[in-house]
Amino acid sequence: MTTSTAPTTDTPTSLDAITEDVVLDRSTAAGEPSWMTDRRLAAFKTWLDQDWPNRRADEYWRNTPFDRLVDVTLPLVEPVDAECVELAEGVVDTLESPAATVTVVDGAVLSIRVDEDWADRGLVVESLRDAAAGPCAGVVSEHLGSLTTTGTGSGRDEDRTISTNDALWDAGVFVHVPAELEVTAPIGIQTYATRPGVHLPRVLAVAEHHARVTLVLEHLGGDLPDAPRASRNKTPVLVDEVVEVIARDSSFVDVISVNEHGDDVAFLSLQKAGAHRDATVRHYSATLGGATVRLRPEVDLLGPGASAFPSGIYFADEGQHFDVQPYMRHIAPRATSDVLYKGALQGKSRAVFRGNVYVAREAVGTTTNENNRNLILTKGARADSTPFLEIECADITAGHGSATGQIDARHLFYLQARGLRREQALRLIVLGFFNEVLEQITLPSIGERTLAAIEREIDLADLDQVNVSAGRVDTPRD
Amino acid sequence: MAELSIRDLTVRVDGTDILKGVTLDLEKGKTLALMGPNGSGKSTLAYAIAGHPAYEVTGGEILFKGEDITEWTPDERNRAGVFLAMQYPVEVPGVSLTNFLRTAVNARLEEDKPVREFMGELRTAMSDLDVDESFLQRSVNEGFSGGEKKRFEILQMALLRPEVAVLDETDSGLDVDALRIVSEGIDRLRGPDLGVLVITHYTRILRYLTPDEVHVMLGGRIVASGGPELADELEEHGYEHYAVSA
């Protein structure tokens, strides 16, 4: 099944200069139903009223200079001839008998394969446009944009990078898991960037009550060494993604996001779930690639007893800027959230962690915990970590912690004293640092892929240059 | 020549001279006890032998099999056969105990021991020291009780088969049963190929591990040496009268 957007003009318009006509033409050319076109136009009206993020005006962008890192003059990417692209193997290709796999390339859904057994049992995986024209139209219409700037859901997002996607999303993927269907095999969605421009992928996944599903979102491509750049920091590829997940009562949704973009990508991604009564949302992200990444794993805990477990790792090396901002909104009572992110940095790199937890006045009995740890391996790397709590309700249990440090000299000495060479010891310590997150990964192939990526990062490191904290403090001297 | 020979060693920590000329010989097959009050420099000697970077050797030498090892890294010393059982074993979060042990054993042997053979030896060592199977699922020293940490040190000693072992207050923090199990574990490893230096404050571990020689350290120097009877004397009279002469 293939859906493509035909280019509407000969000279591609830069993102910054989009007009209502462009939004309208793209929607019409793709044969979208009128409600969908209207929704895009509404989002575009919002877009017109907004400014691009500004570190001085917007608290959430304070540590990520949008104007320096993101090129908004890039044109919208045009779909490529499917025959001509060679796609690298990703972790989705190694999943054991997946329930479905989807390949998105340069703004178009290239292929969708759904396992027949799962399809017979009611699992729907199709392009968002096909879904909007088929039996699932009602579901799509109800939920598309309900967690962002359009629709009638819980959240309105004021960020222009989100209304951009709402108005102009190109490759859309829709997943529907009917009530009580437990899809035990994972669904893999691979998104490739092989050409310069603005890529606007969209995912809407709806798990009905007591359903179960695992989504693997993988981002690849983006090594375009010959593509022109507006400046040294601005990449020729911008991927601006929105993923919406609706977890109905007592459903269980596992989202796994693996980003192994090449160096030529700025990746902005909102991956937001609405968790209804007693639903559980797990989110794991591995942020490894790309020049600039701003990842927002968010969960609105909308129903009593809902749970959210966002976790992730990141490993930044020379020239990378990673900004990870989980946001948990406790709207309903007795919900639980537990946030854990661990990151390592080396070379001239930067990591920003801003964790947000909001607890509404009505959300009595909330349990929330939020932790971030950063390991600075070499000189020149910098991590800013700030866990925020905004609490309007007294009757809750909340904890948070944040720490940024170097390799502990005591750990290094202990392992070396047992015969391990310095590099062996450092390797074990770094892997050990990540282990607390890695051991929560439920799919073995994802764990292996993450481990291999971390190993590659360690191989890149100049282990002679690794900073080690002073180890004298509590060594006994009698 | 002794297996480990310490000649007039002086060591500085954080700008302070702690060891002020220590000479000590440890031969294979022998057990030496090094006793002394807190702050006398016993642990400094242990760390200096193991090569801790914060312990600066400012004079003298440490000879192992006739070679001066003062410039060697801690891992080189261990692979050559020098082992330190630490007073406060370090928790290394997230590092799988089994993976660590296997890496350490392979490093010491400089070859890859087949997994099956390694696991066999590990299980034997575990049952000798009354260590539970669940240990295999844990991280290095993470969440271990004081006694578990000490047992784990001796377990590593059993697997790494050193030629010289320095046991830094291995008895501290152990209850009677744990002390017996750990001491018996060490005793099982003693033999003609191993020299042991037992560093302790009290004599109770020496009831299980009868030393060939006892040395008393005070103020960074060895102030008295003798046979096992010296330990009993210390038990009775304490260190006070050495303090006067030192």
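The values are calculated or read from the model by the stated rules, or taken from the named source; none is laboratory data. None of the values given here were measured: they were computed from a predicted structure. Glycine gets a Cβ as well: all are built from the backbone with ideal geometry, and neighbour counts include every protein chain shown.
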Q) Which of the residues spanning segment A:367-385 are in contact with a strand residue (DSSP E or B) (Cβ under 6 Å, 6 or more places away or on another chain) and free of Cβ contacts under 8 Å to residues at least 60 places away in the same chain? A) A:T367, A:T368, A:N369, A:E370, A:N371, A:N372, A:N374, A:L375, A:R382, A:A383, A:S385
Q: Kindly list the number of the only condition in (1) free of Cβ contacts under 8 Å to residues at least 12 places away in the same chain; (2) assigned to a strand (DSSP E or B) that fails for A:A394.
A: (2)
Q: Would you confirm whether any residue within segment A:237-255 is of a type in the set (S, T, Y), at pLDDT 95 or above and either surrounded by fewer than 22 Cβ atoms within 10 Å (Cβ to Cβ) or at negative phi (or both)?
A: yes
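Would you confirm, using the coordinates I've provided, whether A:F413 is at pLDDT 95 or above and within 26 Å of A:L220 (Cα to Cα)?
Working: at pLDDT 95 or above: yes; within 26 Å of A:L220 (Cα to Cα): no.
Criteria not met by A:F413.
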Q.
Please go through segment A:431-447 and give me each residue that is in contact (Cβ under 8 Å) with a residue 40 or more places away in the chain, in a helix (DSSP H, G or I) and more than 14 Å from chain B (Cβ to nearest Cβ), ordered by number.
A. A:S445, A:I446
Q. From the list B:T98, B:T103, which one is over 19 Å from the mean Cα position of the chain (by Cα) and without any contact (Cβ under 8 Å) to a residue 12 or more places away in the chain?
A. B:T103
Q: Check off (1) out of contact with any Ser or Thr (no Cβ under 6 Å at 6 or more places or on another chain); (2) surrounded by fewer than 24 Cβ atoms within 10 Å (Cβ to Cβ); (3) over 20 Å from A:T450 (Cβ atoms); (4) not aliphatic (A, V, I, L, M) for A:R329 and give me the number that stays unchecked.
A: (2)
Q: Among the candidates B:T70, B:T98, single out the residue that is surrounded by fewer than 21 Cβ atoms within 10 Å (Cβ to Cβ) and away from every other protein chain (no Cβ under 14 Å).
A: B:T70
**Q.** From the options A:A403, A:A381, residue that is under 32 Å from the mean Cα position of the chain (by Cα) and surrounded by 17 or more Cβ atoms within 10 Å (Cβ to Cβ)
**A.** A:A381
Q) If you go through segment B:82-138 one residue at a time, how many are farther than 24 Å from A:E436 by Cα, assigned to a loop (DSSP other than H, G, I, E, B) and not hydrophobic (A, V, I, L, M, F, W, C)? A) 7
Q: Could you tell me which numbered condition A:E370 fails, if it satisfies all but one of (1) more than 21 Å from the chain's Cα centre (by Cα); (2) more than 14 Å from every other protein chain (Cβ to nearest Cβ); (3) of a type in the set (D, E, K, R)?
A: (1)
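Select the strands (runs of 3 or more DSSP E) contained entirely in segment B:148-246, then report the ones holding at least 2 residues which are at pLDDT 95 or above and either farther than 30 Å from B:T124 by Cβ or of a type in the set (S, T, Y) (or both). Step through it out loud before you land on a result.
Working: elements: B:164-168, B:195-200, B:213-218, B:221-226.
Hits in segment B:148-246: B:213-218, B:221-226.
A quick yes/no check of all residues on (1) without any contact (Cβ under 8 Å) to a residue 40 or more places away in the chain; (2) in contact with a helix residue (DSSP H, G or I) (Cβ under 8 Å, 6 or more places away or on another chain); (3) of a type in the set (G, A, S); (4) part of a strand (DSSP E or B):
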| site | (1), (2), (3), (4) |
| --- | --- |
| B:D25 | yes, no, no, yes |
| B:L32 | no, no, no, yes |
| B:S40 | no, no, yes, no |
| B:L45 | no, no, no, no |
| B:P53 | yes, yes, no, no |
| B:T58 | no, no, no, yes |
| B:D75 | yes, yes, no, no |
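If you go through segment A:426-442 one residue at a time, do you hit one that is among the hydrophobic types (A, V, I, L, M, F, W, C) and either at pLDDT below 90 or in contact with a Lys or Arg (Cβ under 6 Å, 6 or more places away or on another chain) (or both)? Walk me through it before giving the result.
Step one: filter segment A:426-442 for residues among the hydrophobic types (A, V, I, L, M, F, W, C), giving A:426, A:428-431, A:433-434, A:437-438, A:441.
Next, only the ones that are either at pLDDT below 90 or in contact with a Lys or Arg (Cβ under 6 Å, 6 or more places away or on another chain) (or both) stay: A:434, A:437.
Yes: one or more hits.
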**Q.** Output for segment B:47-61, where each listed residue is buried (at least 24 other Cβ atoms within 10 Å of the Cβ) and either among the small types (G, A, S) or more than 10 Å from chain A (Cβ to nearest Cβ) (or both)
**A.** B:A48, B:I49, B:G51
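So that you can scan it fast, the table gives a plain yes or no per residue for (1) β-branched (V, I, T); (2) in contact with a helix residue (DSSP H, G or I) (Cβ under 7 Å, 6 or more places away or on another chain); (3) within 28 Å of B:Y208 (Cβ to Cβ); (4) away from chain A (no Cβ under 13 Å):
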| residue | (1), (2), (3), (4) |
| --- | --- |
| B:L109 | no, no, no, no |
| B:F118 | no, yes, no, yes |
| B:E121 | no, yes, yes, yes |
| B:S134 | no, no, yes, yes |
| B:A158 | no, yes, yes, no |
Q: Would you mind stating whether A:L412 is more than 16 Å from A:G312 (Cβ to Cβ), in contact with a strand residue (DSSP E or B) (Cβ under 8 Å, 6 or more places away or on another chain) and part of a helix (DSSP H, G or I)?
A: yes
